[in-house]
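Chemist: Here you go, one structure.
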Amino acid sequence: MKKAPQFDVGPGGETHQHGGETLTTNQGIPVSDNQNSLKAATRGPVLLEDFVLREKIFHFDHERIPERIVHARGSAAHGYFECTDPLTDLSKADLFSEKGKKTPLFTRFSTVAGGAGSVDTPRDVRGFAVKFYTQQGNWDLVGNNIPVFFIQDAIKFPDLIHAVKMESDRGYPQAGSAHDTFWDFASLLPETTHMLMWAMSDRTLPRSLRMMEGFGIHTFKLDDAKGKSTFVKFHWKPVLGLQSTVWDEALALQSADNDYHRRDLHEAIANGDFPQWELFVQPFDADFADRLPYDVLDATKLIPEEVLPLRKVGVMTLDRNPDNFFAQTEQSAFCPANIVPGIDFTDDPLLQGRLFSYLDTQKSRLGTANFHQIPINAPKCPFHNMQRDGQMQMLVPKGRASYEPNSLAQHGEEGGARETREGFVTQKDFATEPAAEKLRMRAELFADHYSQAALFWKSQTDGERAHIASAFTFELSKVQLEQVAPRMIAQLRNVAEDLAERVAAGLGVELPKAAKPARAKVEMAPSPALSIHRNMKPTLRGRKIGVLISEGSDAQALAALKAAAKKEGASVFVVAPRIQNVKLSDGEAVKADGQLLGSPSALFDAVAIVLDAAQAKALSREGAAVKWVMDAFGHLKAIGSDAAAKPLLDRAGVEKDEGVTGLGADFFAAAKTRQWMRESNLRQLA
Ligand code: HDE
């Protein structure tokens, strides 16, 4: 008989089924026929006795678990964190203790509003959750790609999410905030204003998960070995630099590739182009916090890098795709309460609410209090305690000691694990007074809703401001409740008059009276670090160049383009009207990577056109080719071509500018950035 399936433990501690050539049931019984159910006669009926059929269908019927109530759509990868600059002066956390120390981790990126099967590219905040498997237990830094949040107090979270998700009666829209209930809620809650500015900026349209920042958002604490605590904010910066798409391009991507971000992450890792982020901290003490005009326990506020510089701690590298989406990405269970000695919470009321929410949700999603035993969630250091039993218990705790204190060890039996001085200790919270009364209140400075929204606006380039004003206009244009847009614009007047005016003009409504602020705004100096345009890297690393070819394309020009792109660290995707057998000028028949109709230029960072004159003329009568070029121009991308492509460029309305180049070095220089100067001629932004 052939070998039965074997199980072993993978590099991440997961159990793999492998090696068995014989198909068996879950009980290990070899299966003789996987094509036909067991019937009483050739034409049936099917017999209840067919345990092979029943087991197979039973298991299939239970394949799904509840999706996450928020952040349902996500993509993840394994990797490691390498400490480059130890933090021993501030924290006793083991992962920050030594230069070169590596800690394995699992990172999941997500959108917030859409269901698990929704598209990757709606305008939405992105989750950025990292599970560090440290030697002192798991630390989950469950953050977002925006450094602030919509609300200040956990009690408003269900309202926020109910407002943004599909409307309760009609079940739409999926994955988008441009609808009545979201803006009804947001316009009534001025504390959302700062985050709305970010949400309406290009931060919510990332080009790639690999090209976005991440933030812990809340103020946390670091505890050193002597018991001293320091406040801290956590920041991730992508080594590839920040990069976003433009709105029209994001819309095009929704039809071009529903899995745009998931595919991009997976392919990059599969190709050995491992994405990396640097981890920074912003440490500060209580005196510093007291001097700020805002409250560091308010998650709608950030501390500009220019006010408090970042200190680098290490680098995260994602170098391994999940082996199985369900077992790892879907079953991963993050929890902000997973913390290790050396890192600690603060009294931020949003964080405090999160500390119990996530355990709860995992029980309802994964069905058992033993979800921590699922390999992706289990610590990679030893873990022992007196907890026992429960559904899906996978461990086999030995001995009688499931209580403590016990004296079994003194009498020669296994006594079980005990507490340690090295264990997690909550440091005295030096920031807040012990509560004199029990209050349902917020601290005074939480009432400042506009200072940092204005700071964000001031810190953007003109082009970015136009995008923000246009996004507000677009989203509010979708709102049918007439009271909402004026109410929102009334809030925006407290952020910046010109923003409010532009949105009102864009919607064609009268400028309403400004909303009465709960607290006067303070002036803050602009923070260039908050702009994407100012923080993009002029690089082709990690970027994709689309090349349009057809019959008779110049083989040499194509080869030269590919070689130059490779040198710059970019990948090349060849597009042709037909995939197979595209005969180049030298007679060689090549295979394209994608067909023109299914590979719109929105998928690429820059495009090149390598066509002979006859083909360029023929394609100028082909809608898909004209749109390919027109969109590349409209999405502010570099377009490289030679003179032969002119009929196609003309038909697509391409006007000569710095981004419309030949096929040589000029193309590669232009391709490293977006052609922002083009935008004001192309669309009427608010
Ligand atoms: Fe979450 N959040 N959240 N959240 N959150 C969840 O936990 C919740 C908040 C964030 O890739 C849920 O496992 C409450 C802020 C990410 O699996 C749930 C509050 C931030 C992820 C939950 C917040 C986040 C979640 C749903 C207000 C940025 C995805 C499924 C107090 C710092 C993690 C799950 C992953 C997931 C609750 C606010 C980020 C329901 C009650 C602020 C990245 O427990």
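The values are calculated or read from the model by the stated rules, or taken from the named source; none is laboratory data. Since the structure is predicted, the reported quantities are computational estimates derived from the model, not experimental observations. As a convention, Cβ positions derive from the backbone with ideal geometry for all residues, glycine included, and neighbour counts pool all protein chains shown. When the accessible area is computed, the model is the full protein with side chains, heavy atoms only, and any ligands, DNA or RNA have been set aside. Shrake-Rupley method; radii C 1.70, N 1.55, O 1.52, S 1.80 Å.
Chemist: Among the aspartates and glutamates, which have Cα under 15 Å from the Cα of residue 301 when same-chain residues fewer than 8 positions away are ignored?
Modeler: 153, 191, 290, 347, 348, 444, 448, 523
Chemist: In addition: I'd like the GluC sites (Glu not before Pro) in region 517-570 restricted to DSSP loop residues with at most 16 other Cβ atoms within 10 Å, sorted by number.
Modeler: Listed in order of number, the matching sites are 523.
Chemist: To continue, here is another question. Just to verify a number: what accessible area does residue 50 come out at with the full protein assembly present, 1.4 Å probe, Å² rounded to tens?
Modeler: Answer for residue 50: close to 20 Å² accessible.
Chemist: Measure out, as a whole number of angstrom, how far apart the alpha-carbon centroids of region 631-645 and region 121-197 sit.
Modeler: 37 Å
Chemist: Could you state the number of Å between the C-alpha centres of region 224-254 and region 25-88?
Modeler: Centre-to-centre distance over Cα atoms comes out at 35 Å.
Chemist: Ignoring ligands, DNA and RNA, what percent of the 1.4 Å accessible area of the chain is carbon and sulfur?
Modeler: Carbon and sulfur atoms account for 53 percent of the accessible area of the chain.
Chemist: Counting pairs of alpha carbon atoms under 8 Å apart in space and at least six apart in sequence, what relative contact order in percent does region 320-413 give?
Modeler: 23 percent
Chemist: Where does each of 237-245, 676-684 land if you order them by average Cβ count within 10 Å, highest first?
Modeler: The packing order, highest mean first, is 237-245, 676-684.
Chemist: Using alpha-carbon pairs under 8 Å, 6+ residues apart, how would you state the relative contact order of the chain in percent?
Modeler: RCO, the chain: 12 percent.
Chemist: Run through region 624-657 and list the trypsin sites (Lys or Arg not before Pro) located in a DSSP loop whose Cβ has at most 12 other Cβ atoms within 10 Å. Walk me through the numbers on the way to the answer.
Modeler: Working: sites: 627, 637, 651, 656; in loops: 637, 656.
In loop regions of region 624-657 (DSSP not H, G, I, E or B), the sparsely surrounded trypsin sites (Lys or Arg not before Pro) are 656.
Chemist: Give the lysines reachable from residue 39 as a straight Cα distance under 24 Å; neighbours fewer than 8 places away on the same chain don't count.
Modeler: Cross-link targets: 56.
Chemist: Using a 1.4 angstrom probe with every protein chain in place, what is the largest-first accessible-area order of 356, 383, 446?
Modeler: 356, 383, 446
Chemist: Using each residue's phi in region 212-221, evaluate 6.51 cos²θ - 1.76 cosθ + 1.60 at θ = phi - 60° and report the 3J(HN,Hα) Karplus result to the nearest Hz, with x for Gly and Pro.
Modeler: Once θ is set to phi - 60°, the couplings for region 212-221 become 10, 7, x, 9, x, 6, 5, 7, 10, 10 Hz.
Chemist: Whose amide H sits under 5 Å from the amide H of residue 686, counting only residues 5 or more places off or on another chain, with H placed in the peptide plane?
Modeler: Amide H neighbours of residue 686, under 5 Å, 5+ apart: 470.
Chemist: Still on this structure: Only Cα pairs under 8 Å and at least 6 apart count here; give the relative contact order of region 442-509 as a rounded whole percent. Walk me through the intermediate numbers first.
Modeler: On the way: 35 pairs, mean separation 25.1, N = 68.
Relative CO of region 442-509 lands at 37 percent.
Chemist: Students often forget the sequence filter, so: which lysines lie under 23 Å Cα-Cα from residue 562 once same-chain residues fewer than 8 apart are removed?
Modeler: Of all the lysines, those that pass the test against residue 562 - Cα under 23 Å, at least 8 places apart if same chain - are 537, 544, 583, 591, 637, 646, 672.
Chemist: Of all trypsin sites (Lys or Arg not before Pro) in region 175-259, which ones are in loop regions per DSSP and have a Cβ with at most 10 other Cβ atoms within 10 Å? Show your work: numbers first, answer last.
Modeler: Values: sites: 203, 207, 210, 221, 226, 228, 233; in loops: 207, 226, 228.
Those satisfying the criteria are 226.
Chemist: Also: With no solvent and one point on each alpha carbon, what is the Debye value of log10 I(q)/I(0) for the chain at q = 0.07, 0.12 Å⁻¹?
Modeler: -0.56, -1.37
Chemist: Just how far, in whole angstrom, is region 647-684 from region 442-487 if you go by their alpha carbon centroids?
Modeler: When both Cα centres are located, 31 Å separates them.
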